[in-house]
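This report refers to the structure that appears directly beneath it.
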Amino acid sequence: MDLLLSAASASFTPVTVAAILLGSIFGVIFGSIPGLTFTVAMALAVPLTFSLDQGAAIGLMLGTYIGGMTGGSVSSILLGVPGTPSAAATVLDGYPLAKKGQASLALGMAVAASAFGGIISLIVMVVSVDLVASLAMNFGPAETFALLIFGLSTICGLSEGSLVRGFIAGILGLMVMTVGVDAMDGVRRMTFGTVTLQQGINLLVAMLALFAVPHIIDAFVRHFQEERTTKQVKAVGVELPRLRDLGRNFWLMVRCSLMGTGIGAIPGTGGPVAAFLAYAHARKTSKNPQEFGKGSVEGVVAPESANNAVTGGAMIPLLSLGIPGDPGTALLLSALLIHGLVPGPMLFIESPDAIYGIYIAIILAYLFVFAFQVAGIRFFVQLLKVPPHVLAVAIVIMCGFGAYSVRNSVFDIYTVAILGAGAYGLMRVRIPLTPIILGVVLGPAIERDFRTAMILSDGDLSVFFSSAPAILFMGLTILIVGTQVGRSLISSFSPKTPGIGRNAPVSSEK
Amino acid sequence: MNSMKTLLAGGAAVIALAFGGAARAQDFPSQPVEMTILFGSTAQTIGQLLAELMSEHLDERVVPVSRPGGGGSVGYQHVQSAPADGHNIVWNSNSISTTYYSGATSFDYTAFEPIARISTEVAAVAVNANSGWETLGDMAEAIREQGRPLRVGASGRGSFTHLATEAMLESIGLDDQAIHVPFDEGRAPVELLAGRIDAAVQWPGQFISHHNAGKLRILCITGTERVEQLPDVPTCNESGAEGFEMTMWRGLAAPAGTPEHAIETLEEAARLAVEDPRFQEAAKTIGFVPDFAPRDEFGEQIAADDERLAELMTRLGLSER
Amino acid sequence: MSERTPYQAEQRRDLVVGLVLLVLGIVWTGIVLATIPPGNYGIGPRAFPLWLGVGLVALSAILAGGAWLRRNGDGEDPGDSGLAGMGWPVFRMVVLVCLILAAYGFLMQRAGFLLATALTVAFSLWVVLGERRPFLVAGMAIGMSVGVWLVFGQLLGAYLPRGTWLPF
């Protein structure tokens, strides 16, 4: 307790608090704009920390990380284009809610769930850092593969009716991500002899192509089709969630936060995986599963609490083992190093005050992000008053700028254009896009963990069924895919099943 | 629209005329210098710090621009094809040789003019403390006795740590009794702690905390001399891998044909940046050795290392040249 | 044969989609086999792309086959895709958006961020969308370019390309 107090007094220097505040705002701005993510924001923040002292430097980085993770929901809800890959699952119900005129409710729930998830993960971190770290250690390549393949199995639920289309979409997503240099063998794949293609397809670039470009094309087409009737500028009401709404989802948020913390603690998984799994979980346990995809509040709360819980979860292996889970935390790691903190088991022994400083910085960052976003809702929703075609042009620019800023490469803008046109085409023929993004998110990690596990086991497939977590997740996957495929087969071959739309068989009476 | 386009084009032409003269003048730099950074994580942070400190000694800022991908080939390609006027430089490393010999790029180190060497880094070989192995010799002996393959974690095939691993295994005679397990940056220590691999070759920074906590043991480091952070850890040469040595250097280079005076200006700024106490301080915690060398010496080292890496990669079947 | 029902039209379209994806899958698999080495140990770099290619071939065959079997069947109207428009105007717009983005990227590298952004916004609004309110067009063009440049380039220190055409 003394340590906490002394750390508190150390953290509450005006410079540190200002740095956390600045970082939070910086992060929210980058997070909320499609194409700009906390990874880019954190890379930009590193040089800013050079002139700061340790506490302020870490505060700035943590604020940016947390702000960026939270801010992603804003454009997911308002534009239907996720601000960061972690917020892709939020689009599924956040955007329909905004279309129903409940944008401010969705935004409010999202930020509340985010802060809730973040704080829960912090509590987990404080009380059981060693336990979670050892849990993370038990997740070797085989276990991680099982978890990821389980994540991929949620495609079944996201296929919008037709399993075959869902699987095709998932495979297309996985295929896209194999382009480039294979990091394990150093082999160039599908690069056609060019250096440019060696970059491969960046996750963020694929996401812009899948969400933003179809949105732009549709807005442009509608602009002509709807004969420029006087745009009905509807009054945008500001309806903030009440405590009752939060209370109703309390246990869902707790479960998703714990899930997010656990997934965040496993290196190589991260926010998007946690968000999609939480979404699938929410739908499975919901009393109104048919509402999902049409604007369910639960469908916003679940992914947002999970993806923010990832921040705390990812801090556990980072601080206690010195292992970064994704490029963002890798930058956090090098910022810690440059300011004289070496993460790892000795950090907790040698500089516990720094650890408490980090805890306090996280709490403060969530307070700031929450206050900033709640205050901002009024202004964010004004975005809905902007004529759609003007907004679409603004998204074109943000797409270009965002795609470029990932790796400072024009190739990424071209990729957005080409994949985006493809994505629009697929939408036209009703191939669902969500499984594609799932394949894109999970593809590289699934391949890497599968291959590593096979190298470690010397080619023995039983490695995927040799530990409790692996058996659990592989079993669940087989169960889910099995029942779905079975159900779809039965409905295809049984002579007449009323109510099955798309897969309805040739009617035998004809 | 047409009138607007004309207007814009016209305006641009006027401005171009007004400023065009300035660019041709002798004074360098006349615009911000773009420093292309090839890798993320600590390499990026060091590059950013270097750029920041170099800016203090130049008339224009040095802007760090991250262009990752293809093991460095993407960034090299960008700088190689950029105007050779000194405003485009690359934060390079031994990867200039490995990308060329692996066939990722079509040009080798001669496409660049060396500016200065900035730092050197060595990798570390670590094992789980429970293994009871104190030296590489112990490890080799135990593996041969048990007659099972040694699982070594390192980065992907063709990476610096992988090449170091293979060369080290060769010198302790385990090269045909080892399995290379490629890991992403940062993952190897966990796998080692959990006992899924027997040894790992990575940057010392990833092991130090675990080493001090007594969970992992760093057997040796791959350089010719011991490092300041780990005074008790021998070099691999001392630990049983006779004659083995692998050091990674980082430095700055510009496209071939860059004017002499621009290189000189940058070299001087780099020297001052490396001598800066802030750079020295950062080196201690991030885990690299500030090791400035002027361009002539740097150039000789690049050429010598290129020859060595070419030979090593050919022997390991990794060369496509 | 009389008029096709929406359900039947849908099946015809699925048949085409399935066949296109089938060809894509076969081409992909062929390229994978021709250009990616199988690897030296474990599951090599070829395995995943190959399995995915084969998977795509199989699934698109199922899609096409199912649609062929159901081509004269009877079922519910599948509903639309939620996207506006049909036919040529839509196709034209897809190509245009694609070209705008590509041209924006190209210009950014050459003319620098400011000019490229202003031109792209002005072109999209004025020429493509037929927006004729001069203040809106000019405001958006200048606002987007200078705004992003100021906030992200100057204030937050993001790197924006300067271009190679203009020497400043």
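Just so it is clear, none of the values below were taken in a lab; they were calculated from the coordinates. Since the structure is predicted, the reported quantities are computational estimates derived from the model, not experimental observations. Counting neighbours? That spans all protein chains shown, and the Cβs are built from the backbone with ideal geometry, glycine included.
Please compute the net charge surrounding residue B:308, taking Lys and Arg as +1 and Asp and Glu as -1 over other residues with Cβ under 12 Å from its Cβ. Before the final figure, lay out the partial values.
Numbers: positive: B:315; negative: B:245, B:305, B:306, B:307, B:311.
Every neighbour counted, the sum reads -4.
Tell me the relative contact order for segment C:87-155 as a rounded percent, counting alpha carbon contacts under 8 Å between residues six or more apart.
On the way: 38 pairs, mean separation 19.2, N = 69.
Normalised by residue count, the contact order of segment C:87-155 is 28 percent.
Per 10 Å bin, what is the whole-percent P(r) computed from every C-alpha pair distance within segment C:6-69?
Here the calculated profile for segment C:6-69 is 24, 38, 22, 12, 4, 0.
Run through the DSSP bridge list for chain B and note the antiparallel percent, rounded to the nearest 5. Show your work: numbers first, answer last.
On the way: 24 of 41 bridges.
Percentage antiparallel, nearest 5: 60.
Please check chain A for the longest run free of GluC sites (Glu not before Pro) that are loop-located per DSSP (anything but H, G, I, E, B) and have at most 10 other Cβ atoms within 10 Å. Each step should come with its number before you reach the end.
Details: sites that count: A:227, A:509.
With GluC sites (Glu not before Pro) excluded where exposed in loops, chain A gives A:228-508 as its longest stretch.
Based on other C-beta atoms within 10 Å, arrange A:407, B:278 from fewest to most.
In order of increasing Cβ crowding within 10 Å: B:278, A:407.
Answer with one residue from A:129, A:393, A:367: the one whose Cα lies farthest towards the positive end of the charge dipole of chain A, charges on Cβ with Lys, Arg +1 and Asp, Glu -1.
It is A:393, whose Cα lies furthest towards the positive end.
As a footprinting exposure proxy, order C:165, B:91 by other Cβ within 10 Å, with the fewest listed first. Write down the numbers at each step before the final one.
Values: C:165 13, B:91 27.
Final ranking by Cβ density, sparse to dense: C:165, B:91.
Which of the cysteines found in the protein assembly as shown have nothing to pair with, since no other Cys Cβ lies under 4.7 Å from theirs?
Flagged as lacking a Cys partner: A:156, A:256, A:399, C:98.
Count the lysine pairs in the protein assembly as shown that are 8 or more places apart or on different chains: how many have C-alpha atoms under 14 angstrom apart?
Close lysine pairs under the 14 Å cut-off: 8.
Which of A:118, A:176, A:436 sits closest to the plus end of the dipole of chain A, meaning its Cα is farthest towards the positive end, when Lys and Arg get +1 and Asp and Glu get -1 on the C-beta?
Projecting each Cα onto the dipole axis, the largest value belongs to A:436.
Would you mind checking segment A:378-392 for residues with the amide N under 17 Å from a putative spin-label position 7 Å along Cα→C-beta of residue C:136?
Once the point is set 7 Å along Cα→Cβ of residue C:136, A:383-392 turn out to lie under 17 Å by backbone N, inside segment A:378-392.
Would you please state which residues of segment A:307-335 a label at residue B:281 would reach in this model, taking the label point 7 Å out along Cα→Cβ and a backbone N cut-off of under 17 Å?
The answer is A:335, whose backbone nitrogens lie closer than 17 Å to the label point.
Rounded to the nearest 5, what % of DSSP beta bridges with both residues in the protein assembly as shown are antiparallel?
Once the DSSP bridges in the protein assembly as shown are tallied, antiparallel ones form about 60 percent.
Report, in cubic angstrom per residue, the convex hull volume of the C-alpha atoms of the protein assembly as shown.
Details: hull volume 164.1 nm³, N = 999.
Convex hull volume per residue, Cα atoms: 164 Å³.
What FRET efficiency do you get for residue B:60 and residue A:383 if R0 is 51 Å and r is their Cβ-Cβ distance, rounded to the nearest 0.05? Display every interim value, and only then the final one.
Details: r = 38 Å, r/R0 = 0.74.
Calculated value: 0.85.
Using Cβ counts within 10 Å as a stand-in for footprinting exposure, how do C:113, B:207, A:12 rank, fewest first? Present the calculation step by step, with values, prior to reporting the outcome.
Values: C:113 24, B:207 27, A:12 12.
Lowest to highest Cβ neighbour count: A:12, C:113, B:207.
List the pair-distance distribution P(r) of segment C:87-155, using every Cα-Cα distance, as the percent of pairs falling in each 10 Å bin from 0 up to the bin containing the longest distance, rounded to whole percents.
Reading the bins upward from 0: 21, 45, 28, 6, 0.
For segment A:64-190, what relative contact order do you get, as a whole percent, if you take Cα pairs closer than 8 Å and at least 6 residues apart? Provide the component values of the computation, followed by the final result.
Values: 88 pairs, mean separation 14.2, N = 127.
Relative contact order here is 11 percent.
Rg (Å, one decimal) plus Dmax (Å, integer) for the alpha carbons of segment A:1-139?
Cα-based Rg and Dmax for segment A:1-139 come out at 17.0, 51 Å.
At residue B:144 and residue A:100, where each label point lies 7 Å from the Cα along Cα→Cβ, what is the point-to-point distance in nanometres?
About 7.3 nm separates the two model spin labels.
About the Cα centre of segment B:167-321, what is the dipole size in debye to 20, counting +1 per Lys and Arg Cβ and -1 per Asp and Glu Cβ, all else neutral?
Details: 13 positive and 29 negative charges, 160 e Å.
Dipole magnitude for segment B:167-321 comes out near 760 debye.
Could you pull the Rg and Dmax for segment C:1-133, using just the Cα atoms, both in Å?
Every Cα atom of segment C:1-133 included, Rg and Dmax give 22.1, 64 Å.
Give the Cα extents of chain B along the principal axes, in whole Å, largest first.
Rounded to whole Å, the extents work out to 81, 42, 40 Å.
As I understand it, the dipole of segment B:124-221 uses +1 on the Cβ of Lys and Arg and -1 on the Cβ of Asp and Glu, about the Cα centre. Which of B:213, B:153, B:181 lies farthest toward its positive end?
With unit charges placed on the Cβ atoms, the residue in question is B:213.
Assign unit charges at the C-beta atoms only (+1 for Lys and Arg, -1 for Asp and Glu), then state the dipole size of segment B:195-241 relative to its Cα centre in Debye, rounded to the nearest 20. Walk me through the numbers on the way to the answer.
Numbers: 4 positive and 5 negative charges, 51 e Å.
Dipole magnitude for segment B:195-241 comes out near 240 debye.
With just the Cα atoms defining each centre, how far is segment C:73-149 from segment A:268-307? Give it in Å.
Rounded to whole Å, the Cα centres lie 32 Å apart.
Just to confirm a number: summing +1 for Lys and Arg and -1 for Asp and Glu over residues other than residue B:255 whose beta-carbon lies under 10 angstrom from that of residue B:255, what do you get?
Working: positive: none; negative: B:85, B:113.
Net local charge, residue B:255 excluded: -2.
Go from 0 up to the bin containing the longest alpha carbon distance in chain A, width 10 Å each, and give me the % of pairs per bin.
Answer for chain A: a P(r) of 4, 19, 30, 27, 15, 4, 1, 0, 0 percent.
First measure r as the distance between the Cβ atoms of residue B:110 and residue C:35, then evaluate 1/(1 + (r/R0)^6) with R0 = 25 Å and state the FRET efficiency to the nearest 0.05. The partial results should precede the final answer.
Details: r = 28 Å, r/R0 = 1.14.
In this case the efficiency is close to 0.30.
At 222 nm, what helix-only mean residue ellipticity would chain A give, in deg cm²/dmol to the nearest 500, using -39500 (n - 2.57) for each DSSP H run of four or more?
On the way: 22 runs with 360 residues, N = 510.
About -23500 deg cm²/dmol.
Dipole of the protein assembly as shown, Cα-centred, from +1 at each Lys and Arg C-beta and -1 at each Asp and Glu C-beta, to the nearest 20 debye? List each step's numbers first, then the result.
Numbers: 61 positive and 77 negative charges, 1079 e Å.
Roughly 5180 debye, rounded to the nearest 20.
If each DSSP helix of 4+ residues adds -39,500 (n - 2.57) and the sum is divided by the residues in chain C, what number results at 222 nm, nearest 500 deg cm²/dmol? Show your work: numbers first, answer last.
On the way: 5 runs with 103 residues, N = 168.
-21000 deg cm²/dmol, from helical runs alone.
Evaluate the relative contact order of chain A (contact order divided by residue number), counting alpha-carbon pairs under 8 angstrom at least 6 apart; express in whole percent. Please report the intermediate quantities before stating the final value.
Values: 931 pairs, mean separation 136.8, N = 510.
For chain A, the relative contact order is 27 percent.
Based on the alpha-carbon gyration tensor of segment A:192-343, what equivalent-ellipsoid semi-axes (square roots of 5 times the eigenvalues) come out, in whole Å, largest first?
Details: eigenvalues 234, 149, 47 Å².
Working from the Cα gyration tensor, I get semi-axes of 34, 27, 15 Å.
Provide the net charge surrounding residue A:458, with neighbours chosen by a C-beta distance below 14 Å and charges set as Lys +1, Arg +1, Asp -1, Glu -1. Let's see the in-between values first.
Values: positive: A:451, B:148, B:151, B:196; negative: A:460, B:198.
That sum, taken over residues with Cβ under 14 Å, equals +2.
Classify segment B:124-221 as rounded, prolate or oblate, taking a ≥ b ≥ c as the square roots of the eigenvalues of its Cα gyration tensor: rounded when a/c is under 1.5, otherwise prolate if a/b is larger than b/c and oblate if not. Please report the intermediate quantities before stating the final value.
On the way: a/c = 1.58, a/b = 1.11, b/c = 1.42.
It is oblate, given that a/c is not under 1.5 and a/b is not larger than b/c.
When the helix-only estimate is applied to chain B (DSSP H runs of n ≥ 4, each -39,500 (n - 2.57), divided by the residue count), what is the mean residue ellipticity at 222 nm, nearest 500 deg cm²/dmol? Let's see the in-between values first.
On the way: 11 runs with 134 residues, N = 321.
Estimated from H runs of four or more residues: -13000 deg cm²/dmol.
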